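So the structure is just underneath, and the comments pick up after that.
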Amino acid sequence: MRTSVVGYPRVGALRELKFASEKYFKKEISVNELQATARNLRSTHWNTQKNHGIGFIPSNDFSFYDTVLDTAVLLNVIPARYRNLELSPIDTYFAMARGYQGANGDVKALAMKKWFNTNYHYMVPEIDDNTEIRLTGTKPFDEFEEAKKLGIKTKPVLIGAFTFLKLARFTGEKCEKDFTDTVIWAYLQILTKFSEMGAEWLQFDEPFLVHDLTDEDILLFKRLYTAILSVKGTVNVLLQTYFGDVRDCYQEITGMDFDGIGMDFIEGRKSLELVKSNGFPSDKVLFAGIINGKNIWKNDYKKSFDIISELKKHCSHIVLGTSCSLLHVPYTLQNETKLPEQQKDYFSFAVEKLGELKELKEICSSQNPLETEEYKRNINLLGKGRKCSNEKVQQRVSKIRESEFTRLPEFSAREAIQQKNFDLPCFPTTTIGSFPQTAEVKANRTAFRKGIITETQYRDFVKEKIFECVRVQEEIGLDVLVHGEFERNDMVEYFGECLDGYLFTEKGWVQSYGTRCVKPPVIWGDISREKPMTVEWSVYAQSLTKKPMKGMLTGPVTILNWSFPREDISLKEIAYQIALAIGDEVLDLESNGIRIIQIDEAALREKLPLRKSDWDSEYLNWAIPAFRLVHSGVKPETQIHTHMCYSEFTDIIPAIDNMDADVITFEASRSDLMILDSLKENHFKTEVGPGVYDIHSPRVPSVEEIESALHEMLKRLPKEKLWVNPDCGLKTRQYAETKSSLEHMVQAARRLRNEAF
Ligand code: GLN
Ligand code: ZN
């Protein structure tokens, strides 16, 4: 039996790639130095996998920013506005990823979207009527060669033709169908080239197949692959799926000329059943994803062994693999010096998962699997049970009453009271919460953590920053202010640290987009709040201004979605535990004079099941109530805001309205304004602040640009409901661009107020 890895983290155990790239952006290192870092990382990653005896080691899973963007560039899908900058190839690539503002021009970045149900983001390929899809890049071939020179024969990985087309955005008249021939032709060439180069296996990632598929989708898939597979030559083609099961196309894909099919047995609820009831072709290899690529708990060998035993009855050739790319878990436990051994024992990061694959392979190849040391050790550990429960929390959750899910009085009554009380101008301006986390701010936190400065020194510094932040906002002329979140490393980690039941890693970074990584905390036990978490900062900030100061909290669904969850109780139960804790904080803020409270649900959309049929029953039925539980206890005068990253909730607008917040801010600047049409169609009641500029890029928007965005918005939204704000928090930005951008935003709002409506 052999083992396979779908994809491997590329940023490096200590985020080497992030730091090198950021230095390159600032022109502190040359492109050669950046390339050298990348090469070293690739070599380390391939060798680590080799040392764990992995049979199918991926290549081309490396990326400077994102592999979907890599695929677009490989296929010549580079919109003219980036070509026209006439930059070097790598700078053109980064311009697509991050936008560009400089001597050669001024363009925005491509749109960015969440990668299926993960917290990773991909760049959306943009195809217009002039796009000529053809193979122009060499990255996959170069990396295959590079590994080969190191003595490692890899399995090149590419985003498959179907998923690529499905994720692309067509900006002209033409659509998918108009590009199938050229796409086929490009993939044919890729196959031929790899065949010539002596690759044995090629992996096409087709996660789009785990969605609910239409007949047209299936036809498109078949058309693409019937053609592509016709020139396979000596290469074996692996169709890799993940993040769910392939129930809509199992028959079709097993009937086609693939040599291997990769299925996810962790998230794919129906995967095992599909194989059992339909069988599996004896001439194909099943790449069984049994090591969870998304969570950090140790694999349950008994469970895995049972699945493999069952699969063996139906499949002649099985390769053991990860359920998806290991990109979604931190690099290694070896750098965790603070986690107690008893707890560390239960976890497994990317490198340790390679070890699990190796052990499982040995167990499965043994005469007496259940008697192997590895197996017995695992059973012993997991059989012991963890000490992590809190009786009081469990009781509180079990006693939640139905009425606790509803805020009274209903929306319009509250809206009237609030409009009168706050007396804000038309088109009120605000920001999403954080202000730039400068080197100074980070250094202050690090110094405190390392014991170099005292708690008082640390706090005084944060207060100084809040003071400056309030002054800056007043100078700019914003209407609803924020304290700036200088005490927070991250919007979820901060609350995790204040709550009981959480564990933290030191180096457990996971790539979120480009050079941005997050360090998700781990939910170890029942969650509770021991004492107020944010009140002191918010009250201090409010004392500095007459304008309303927003209290700033992270909502339960986002805290849950951006943590590594436990697997021994339901997600609903975890969400309710967190909701009760955050709800206590909301009431404390209110009783301390904070009149506007923002509860961020940045990640609410993220864990929406990929199949529509599961949306309500598997998710919305507890996620929306969890949010309502947090704020149902406040007075009618208190205004509840929520914020969501990305505007991809066109399809769940009624659910979002049903969160029953008073105001919602979200991203609209990077995507087109379609979301606004659906708000209108759905008679959205909540007031809205569709972000007027993109904070993911350093570019400063002009007043005119913002004004025209606002005009577009006003075509679809009543003017009483429109708020004016950037599309997300400002923590990743620098002060200079932040100030200019916000000044332009405030000026745009003022111009609008002076126009007659
Ligand atoms: N309040 C948070 C901030 O401004 C929200 C961040 C987010 O939406 N990701 O940083
Ligand atoms: Zn956001």
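The values are calculated or read from the model by the stated rules, or taken from the named source; none is laboratory data. Every value quoted in this text rests on a predicted model; they were computed, and no experiment measured them. In this analysis, Cβ positions are derived from the backbone assuming ideal geometry, glycine residues included, and neighbour counts consider all displayed protein chains. Ligands, DNA and RNA are stripped out before the accessible areas are found, and what is left, the full protein with its side chains, is counted by its heavy atoms. Shrake-Rupley method; radii C 1.70, N 1.55, O 1.52, S 1.80 Å.
Details
- Total residues in segment 660-674 satisfying the condition of being out of contact with any strand residue (DSSP E or B) (no Cβ under 7 Å at 6 or more places or on another chain) and either away from ligand 1 (no atom under 16 Å from the Cβ) or open to solvent by less than 10 Å² (accessible area, probe 1.4 Å) (or both): the figure is 5.
- Filtering segment 476-490 to residues that are closer than 19 Å to Asn725 by Cα and within 11 Å of ligand 1 (Cβ to nearest atom) leaves Val482, His483, Gly484, Glu485.
- Subset of segment 212-266 (residues that are of a type in the set (S, T, N, Q) and either touching a strand residue (DSSP E or B) at 6+ places or on another chain (Cβ under 9 Å) or part of a strand (DSSP E or B) (or both)): Asn236, Gln240, Thr241, Thr254
- Flag set for Ile656, criterion: aliphatic (A, V, I, L, M) and within 16 Å of ligand 2 (Cβ to nearest atom).
- Some residue of segment 163-171 being in a loop (DSSP other than H, G, I, E, B) and open to solvent by less than 10 Å² (accessible area, probe 1.4 Å): no
- Check on Thr192, open to solvent by 50 Å² or more (accessible area, probe 1.4 Å) and in contact (Cβ under 8 Å) with a residue 12 or more places away in the chain: yes
- Cβ-Cβ contacts under 9 Å between residues 6 or more apart (or on different chains), taken from a first residue in segment 602-617 that is without any contact (Cβ under 8 Å) to a residue 60 or more places away in the chain to a second residue that is within 16 Å of ligand 2 (Cβ to nearest atom) and outside any helix (DSSP H, G or I), are listed as Leu604/Gly555; Leu604/Thr642; Leu604/Met644; Leu604/Phe649; Leu604/Met659.
- Every residue from segment 292-319 that is among the polar types (S, T, N, Q), in contact (Cβ under 8 Å) with a residue 12 or more places away in the chain and either within 28 Å of Lys384 (Cα to Cα) or in contact with a helix residue (DSSP H, G or I) (Cβ under 9 Å, 6 or more places away or on another chain) (or both): Asn292, Asn295, Asn299, Ser304
- Among the residues making up segment 449-507, those that are modelled with pLDDT of 95 or more, part of a loop (DSSP other than H, G, I, E, B) and either closer than 25 Å to Ile432 by Cβ or touching a Cys at 6+ places or on another chain (Cβ under 7 Å) (or both) are Gly477, Leu478, Asp479, Val482, His483, Glu485, Phe486, Glu487, Arg488.
- Hey, Asn421 away from ligand 1 (no atom under 16 Å from the Cβ), in contact (Cβ under 8 Å) with a residue 12 or more places away in the chain, surrounded by 15 or more Cβ atoms within 10 Å (Cβ to Cβ) and part of a helix (DSSP H, G or I) or not: no
- Odd one out for Phe627 among (1) in a helix (DSSP H, G or I); (2) within 22 Å of the chain's Cα centre (by Cα); (3) closer than 30 Å to Gln343 by Cα; (4) within 16 Å of ligand 1 (Cβ to nearest atom): (3)
- If the condition is being open to solvent by less than 10 Å² (accessible area, probe 1.4 Å) and within 11 Å of ligand 1 (Cβ to nearest atom), then segment 491-500 contributes only Val492.
- From Ser309, Ser323, Ser304, residue being touching a Phe, Trp or Tyr at 6+ places or on another chain (Cβ under 9 Å), farther than 25 Å from Thr154 by Cα and small (Gly, Ala, Ser): Ser304
- The single residue among Phe287, Phe280 that is buried (at least 18 other Cβ atoms within 10 Å of the Cβ) and part of a loop (DSSP other than H, G, I, E, B) turns out to be Phe280.
- Here the condition is being more than 26 Å from Val630 (Cα to Cα), within 16 Å of ligand 1 (Cβ to nearest atom), surrounded by 15 or more Cβ atoms within 10 Å (Cβ to Cβ) and not polar (S, T, N, Q); of Val703, Val746, Val692, it holds for Val692 alone.
- The residue pairs whose first member lies in segment 463-484 and is open to solvent by 10 Å² or more (accessible area, probe 1.4 Å), whose second member is of a type in the set (Ser, Thr, Tyr), and whose beta carbons are closer than 6 Å, counting only pairs six or more residues apart or on different chains, are Asp479/Thr429.
- Residue in segment 630-659 that is farthest from ligand 1 (Cβ to nearest atom), counting only those that are of a type outside the set (D, E, K, R) and open to solvent by 30 Å² or more (accessible area, probe 1.4 Å): Pro636
For (1) modelled with pLDDT under 95; (2) surrounded by fewer than 18 Cβ atoms within 10 Å (Cβ to Cβ); (3) not hydroxyl-bearing (Ser, Thr, Tyr), each residue gets a yes or a no:
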residue	(1), (2), (3)
Asp215	no, yes, yes
Tyr225	no, no, no
Lys232	yes, no, yes
Leu239	no, no, yes
Asp245	no, no, yes
Ile253	no, no, yes
